[in-house]
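The values are calculated or read from the model by the stated rules, or taken from the named source; none is laboratory data. None of the values given here were measured: they were computed from a predicted structure. Reconstructed Cβ throughout: ideal geometry from the backbone, glycine too, with neighbour counts over all protein chains shown. Surface accessibility is based on the protein's heavy atoms, side chains included, excluding ligands, DNA and RNA. Shrake-Rupley method; radii C 1.70, N 1.55, O 1.52, S 1.80 Å.
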4 protein chains.
Amino acid sequence: MINAGIIGATGYAGAELVRILSNHKEVCIKTLCSKSYAGQKYSDIFGNMRGIADHILQKDDIEKLSKEVDVIFTATPQGYLAGVLTEEVLKNAKVIDLSADFRIKDVAVYEKWYGIEHKSPQFIEEAVYGLCEKNRADIKSARLIANPGCYPTCSYLTVSPALMGGFIDANTVIVDAKSGTTGAGRGAKTTNLFCEVNDSIRAYGLPGHRHTPEIEEQLSGVSKSPVRLNFSPHLVPMMRGILVTAYADLKAKSDGCFPSADEIHSYYKDKYADERFVRVLDKGAYPETRWVKGSEYTDVSIAVDERTNRLIMMGAMDNMTKGAAGQAVQNMNIMFGFDEDEGLGMAPVFP
Amino acid sequence: MINAGIIGATGYAGAELVRILSNHKEVCIKTLCSKSYAGQKYSDIFGNMRGIADHILQKDDIEKLSKEVDVIFTATPQGYLAGVLTEEVLKNAKVIDLSADFRIKDVAVYEKWYGIEHKSPQFIEEAVYGLCEKNRADIKSARLIANPGCYPTCSYLTVSPALMGGFIDANTVIVDAKSGTTGAGRGAKTTNLFCEVNDSIRAYGLPGHRHTPEIEEQLSGVSKSPVRLNFSPHLVPMMRGILVTAYADLKAKSDGCFPSADEIHSYYKDKYADERFVRVLDKGAYPETRWVKGSEYTDVSIAVDERTNRLIMMGAMDNMTKGAAGQAVQNMNIMFGFDEDEGLGMAPVFP
Amino acid sequence: MINAGIIGATGYAGAELVRILSNHKEVCIKTLCSKSYAGQKYSDIFGNMRGIADHILQKDDIEKLSKEVDVIFTATPQGYLAGVLTEEVLKNAKVIDLSADFRIKDVAVYEKWYGIEHKSPQFIEEAVYGLCEKNRADIKSARLIANPGCYPTCSYLTVSPALMGGFIDANTVIVDAKSGTTGAGRGAKTTNLFCEVNDSIRAYGLPGHRHTPEIEEQLSGVSKSPVRLNFSPHLVPMMRGILVTAYADLKAKSDGCFPSADEIHSYYKDKYADERFVRVLDKGAYPETRWVKGSEYTDVSIAVDERTNRLIMMGAMDNMTKGAAGQAVQNMNIMFGFDEDEGLGMAPVFP
Amino acid sequence: MINAGIIGATGYAGAELVRILSNHKEVCIKTLCSKSYAGQKYSDIFGNMRGIADHILQKDDIEKLSKEVDVIFTATPQGYLAGVLTEEVLKNAKVIDLSADFRIKDVAVYEKWYGIEHKSPQFIEEAVYGLCEKNRADIKSARLIANPGCYPTCSYLTVSPALMGGFIDANTVIVDAKSGTTGAGRGAKTTNLFCEVNDSIRAYGLPGHRHTPEIEEQLSGVSKSPVRLNFSPHLVPMMRGILVTAYADLKAKSDGCFPSADEIHSYYKDKYADERFVRVLDKGAYPETRWVKGSEYTDVSIAVDERTNRLIMMGAMDNMTKGAAGQAVQNMNIMFGFDEDEGLGMAPVFP
């Protein structure tokens, strides 16, 4: 049994951490922190947790917290952790950061896309990018995890096998992504009001949403040539879920033929054969966010358009679970030697 | 470890049973039956259960099923179980029926409100009405459980303490209920299409919805005088959840004064002090269906209108969980001596 | 052709005024004012109005505005108009106020329920309560209209005939109302975010929502005895629409019998026979908010529960149109001698 | 004043025709036909039209209908009109067909993609493809209009200027489209139930949705080289609206530079300068379906990704209005010499 603390417990990702950890056999939620709600009872803000997580919310103090717990989750705005992280903290407790602070290895790229100065670049090298299916071995011994973004996780799991298999041209990838509104956060903004979001859809952050370099860095890592892609996120009137529809030109094989749907589908099946939380759908079945809601699963499938010789890759994920809090817990499980699926085995909730 | 079978596994309540039982430590889902989808793979219909419940759906055959399993859940239309139930079946397996067939003790009342002949009235007396908080002792030794309706469960838990405490006039109760659309079932009806339900609200089944006699029978059982009430259900553009707003005239006490909100609130607190799945909210807090979604909780609270001397009683519940499949599992847990909350401890999913 | 100005043009009611007036043959929208967005282009905030209402938003200045236009609409928070209204303004232009400032004749009642001091009680007597179907004659010659609240309008149109006809006991009325989320306004509040409202329902403002005295005052005006009622509003995950479900005990007639559904239904039919914007549904049909969306209609119907001798009265309305901006325009039409339905004839938008 | 008849009046497109025509000054809705609901009152099915369109629904009989009206709208399944159209009908009345029967000039392509035999290919040549902004002159004198599909209309208006201007490579176009659920029709299918559609998103019809050849044919008509593209539609939990996000590689100019966003934006502005119902948004503003709901507008904008040298083209439209019934009325207006915007001037309804 370990003790956990969460900084940023009153955002949507923080709340999902509390929900998941409350069902985890090896974890005691010791401390919940919140800048905006310190002093209030957690379950007065998130009524679902009445009788389950009735903690009084504490002010953020990562040094103090690191002495009380074994693992700290930071579900905080960009720049927070970089501003407070110390060697002392990392000696005391393992840290899993749900922000982008330590995801990008090139600090200049980070500073350009996020528009803020990085306050502790000395930890970037050490940080392990916590995409479990990719970096399991490194995660095991890490002190600091950069928990991946929701879009990058879904994009990586959807597109990477096609690159690994050499089926597609790395320069032609387009990722058209659709996200539920939890992805926009819990801040009180007019644009996220029910009447502004409901019954509508729109693109945002074009042409250069800041998850772009993270996706490119991860995909480039498994591609023979660097990946430069278009990434277009859309806001959908639903609460949870990300759907990625990605396109790329097929590469002709040495015999001049294009790889077939069967070939690529088998390759995906093999790649994910041992992964507990990635489901490659049967041919002809396509991912839907409703089938993964509330769970750690990512559903993946592909289609080949023989008229255009393009590959269509699709992936669906719950942006709150595998896309944020769930993957953070999966990382924790790996780091502490728990069963990787402990606390994450719940079936998707439908409807 | 016991074996379970479900007849009617492809309706919403059946699917919720599969979801809950798939996380239950003491149960193996042995057989899933479906009239409409027999021969198909369960997870091809409910994609959320891919890799979790890949059973091939069987035809309904309750006799055969009763020999293979320890407990049978029937999530079937009214009249089905009454038409096939035999002493033989009940000797082989315990039966938990999610339909209304055995909920009403007076067969004439059943036949009038449901408009069908009851085919096996000989089992009505034996059947235990499975409202766990009310009939726990009888449930323990039952062979046949009449699992309560969603509206009756929520209405009972919301209104019954006020009657037990003698705070209200039993003749003045009005239950205005609001339900999510899973309550309308999974049949392909135009009226339940997305574009017909979304962004609208309407009453239905007025003035005599057939849950009325069930609610009256249960409330009368705890009231000094028989309860005759108005029950008005509404269809709300949400998926899960029932909210009950009930009204009744306060009864003056012997000193001529009306009972205060504090008094009634304390009484509710006491009544439910030992109940794992009923949460009486703090004074001034009112139930919201989002706080109970996907869970077994019922949230209850009251308000007193001193201008009109009326009591307003409110309750929120997930109609799929405590309102159907969850309560069925709670009944099973009691019947088989498992922890009453086994498989039901999941925190509500928000958002 | 008259000129109109709107103060508070960037709230939902203000925006609906702009939408309706942009289709009105006799009105030119001269000036749009907004405290929060002054200086910006209207259609940059409400993209639907691109090319239709590209006004630059002005600061609020009612005196100045009154010299430029024939009619002023104030779609502003409680207290605004009472704070700035002068005889000079009323001499220059007619004023239609969508706030509650001049709806309640007893200033003490206003101050108690709204918790603010009334700054210009001298105009209360003059103000005409703009419920068109009730006060058409007085509206015609008014300078100052108190445009009714959404709940009061729907409650009045739904319940008043039953009181006028003497069918119900005035002391037993309960109004259970359900509203879309535009009713909560366009302010940036966490509680109104998409992910907080969607897939949930809750009561609010209990036990004494401040529309209560307004409803009581209007219904008492048509009742033989004063009406004191319960009013319970609920927030529904939809954008537009109010549904009122009201209950009352039937009064026995002199022969000891209770009035029949047919009798009451006919009375409603007669009462509204000449009303362009009230539709009494056929017996057995119940109002649904989807059938009135975007239009000026109120749909009304009744049911009798013969088991309890209670009358159920139902009404559906678009809270933005007849419940706010539409009725304001209807009032304007009456005041200026235009056809009462000018600009309001659009059919409801479904779906 | 002309008389109009609608065959297929009880589908969503048919109902939108009734809504729009009921506000049209030059049209009397003479006859409404429905295969499924013949004999019933129209407003008993579509309650929004109570008191507005109370017609008794007739059986389909296009010959008879053609003698009673000046224009016939067929909002019917594929194959219906091709099966019943005769020279006699076209001599009696103008016909505007909302199905795909006469949209594709090559009958073999039609038969392949739609999987049905074309029963009256002799009328294909004469039929004018009713995309008003493209074929206005031909529409004027047409007897038979093939009213465009919703996706093709939105795709064409979004992508065609980029092709006309020679800015993009015709072989690289990808159209990722998102549609509201009215697009799935009003048939009683499980997959379109509220609880199946809500809070989820999915692609469908991949890799070859049957609107593909229609889009290609229209875009090829304005491109220097034939367009072969990917078209991927998605189902979004909203009622009305289509959003197209299209991608294509920029073509370097003769000086080796790529065209700039400013250049392309200006070109779009010019192209649509005189179009009443196409709004090119300011640079940096992107279309949202909420801004066009219930109206005839299509909002269009572009972005250039300078990292990948790709053009992103976006368009939003109401699939029921400009995407179906509205464009049908626009075609009728052109054919009969009415103002092109008569009956179509309503501002978009928000929220």
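Hey, can you tell me all the residues within the range C:237-284 that are under 26 Å from B:Ser200 (Cβ atoms) and among the aliphatic types (A, V, I, L, M)? If the condition is that a residue be under 26 Å from B:Ser200 (Cβ atoms) and among the aliphatic types (A, V, I, L, M), then C:Met238, C:Met239, C:Ile242, C:Leu243, C:Val244, C:Ala246, C:Ala248, C:Ala261, C:Ile264, C:Val278, C:Val280, C:Leu281 are the ones that fit.
If you check D:Val292, D:Val300, D:Val280 for being touching a Pro at 6+ places or on another chain (Cβ under 6 Å) and within 18 Å of C:Ile45 (Cα to Cα), only one passes: D:Val292.
Criterion applied to B:Asp255, B:Asp299 was being assigned to a strand (DSSP E or B) and of a type in the set (Asp, Glu), and the one residue passing it is B:Asp299.
This table checks each residue for (1) at pLDDT 95 or above; (2) of a type in the set (Lys, Arg); (3) closer than 30 Å to B:Asp339 by Cβ.
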| position | (1), (2), (3) |
| --- | --- |
| B:Ser36 | no, no, no |
| B:Asp44 | yes, no, no |
| B:Gly47 | yes, no, no |
| B:Asp54 | yes, no, yes |
| B:Ile62 | yes, no, yes |
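The residue list C:Lys224, C:Lys269 contains one member that is touching a helix residue (DSSP H, G or I) at 6+ places or on another chain (Cβ under 9 Å) and more than 24 Å from C:Lys178 (Cβ to Cβ), which is C:Lys224. Within the range A:271-280, is even one residue in a strand (DSSP E or B) and in contact with a His (Cβ under 8 Å, 6 or more places away or on another chain)? Looking through the range A:271-280, at least one residue is in a strand (DSSP E or B) and in contact with a His (Cβ under 8 Å, 6 or more places away or on another chain).
Does any residue of the range C:313-336 turn out to be open to solvent by 10 Å² or more (accessible area, probe 1.4 Å), without any contact (Cβ under 8 Å) to a residue 24 or more places away in the chain and either in a loop (DSSP other than H, G, I, E, B) or not aliphatic (A, V, I, L, M) (or both)? Looking through the range C:313-336, none of the residues is open to solvent by 10 Å² or more (accessible area, probe 1.4 Å), without any contact (Cβ under 8 Å) to a residue 24 or more places away in the chain and either in a loop (DSSP other than H, G, I, E, B) or not aliphatic (A, V, I, L, M) (or both).
The residues on offer are C:Asn23, C:Asn3, C:Asn48, and the sole one that is touching a residue at least 12 places away in the same chain (Cβ under 8 Å) and touching a Pro at 6+ places or on another chain (Cβ under 6 Å) is C:Asn48. Of the residues making up the range D:164-187, those that are of a type outside the set (Val, Ile, Thr) and either at the interface with chain A (Cβ under 10 Å from one of its Cβ atoms) or open to solvent by less than 10 Å² (accessible area, probe 1.4 Å) (or both) are D:Ala170, D:Asn171, D:Asp176, D:Ala177, D:Lys178, D:Ser179, D:Gly180. For the residues A:Asp249, A:Asp262, A:Asp255, the requirement of being under 19 Å from A:Gly315 (Cα atoms), more than 10 Å from chain D (Cβ to nearest Cβ) and over 19 Å from the mean Cα position of the chain (by Cα) singles out A:Asp262.
Considering each residue of the range D:324-335 in turn, none proves to be more than 26 Å from D:Asp70 (Cα to Cα) and among the small types (Gly, Ala, Ser). Do we find that C:Glu111 is in contact with a helix residue (DSSP H, G or I) (Cβ under 9 Å, 6 or more places away or on another chain), free of Cβ contacts under 8 Å to residues at least 12 places away in the same chain and open to solvent by 60 Å² or more (accessible area, probe 1.4 Å) in this structure? No. Filtering the range B:96-108 to residues that are open to solvent by less than 20 Å² (accessible area, probe 1.4 Å), outside any loop (DSSP other than H, G, I, E, B) and not acidic (Asp, Glu) leaves only B:Ile96. Scan the range D:295-325 residue by residue and report those that are of a type in the set (Gly, Ala, Ser) and within 14 Å of chain A (Cβ to nearest Cβ). D:Ser295, D:Ser301, D:Ala303, D:Gly315, D:Ala316, listed by residue number.
Which residues, taken from the range C:26-54, are surrounded by fewer than 20 Cβ atoms within 10 Å (Cβ to Cβ) and under 30 Å from C:Glu87 (Cα atoms)?
C:Glu26, C:Cys28, C:Lys30, C:Lys35, C:Ser36, C:Tyr37, C:Ala38, C:Gly39
What residue, among those in the range C:326-348 that are farther than 14 Å from C:Thr298 by Cα and hydrophobic (A, V, I, L, M, F, W, C), is farthest from the other protein chains (Cβ to nearest Cβ)? Result: C:Met335. Note on the range D:54-84: residues that are assigned to a loop (DSSP other than H, G, I, E, B), in contact with a Ser or Thr (Cβ under 6 Å, 6 or more places away or on another chain) and of a type in the set (A, V, I, L, M, F, W, C) total 1. D:His209 falls short on exactly one of the conditions (1) under 22 Å from A:Ala246 (Cα atoms); (2) of a type outside the set (Phe, Trp, Tyr); (3) at pLDDT 95 or above, and that condition is (3). Consider C:Gly284 carefully, then state whether it is surrounded by fewer than 22 Cβ atoms within 10 Å (Cβ to Cβ) and facing chain B (nearest Cβ under 10 Å). In short, yes. Is the range C:66-74 home to any residue that is closer than 16 Å to C:Ala328 by Cβ and open to solvent by 20 Å² or more (accessible area, probe 1.4 Å)? The answer is yes; a qualifying residue exists. Identify all residues within the range C:1-36 that are away from chain D (no Cβ under 14 Å), assigned to a loop (DSSP other than H, G, I, E, B) and not hydroxyl-bearing (Ser, Thr, Tyr); write none if there are none. Within the range C:1-36, C:Met1, C:Gly8, C:Glu26, C:Lys35 qualify.
Just one of the listed residues (D:Asp262, D:Asp305, D:Asp199) is more than 28 Å from D:Ser99 (Cβ to Cβ) and open to solvent by 30 Å² or more (accessible area, probe 1.4 Å), namely D:Asp262. Residues being facing chain D (nearest Cβ under 9 Å), under 23 Å from the mean Cα position of the chain (by Cα) and open to solvent by less than 50 Å² (accessible area, probe 1.4 Å) are represented in the range A:210-229 by at least one member.
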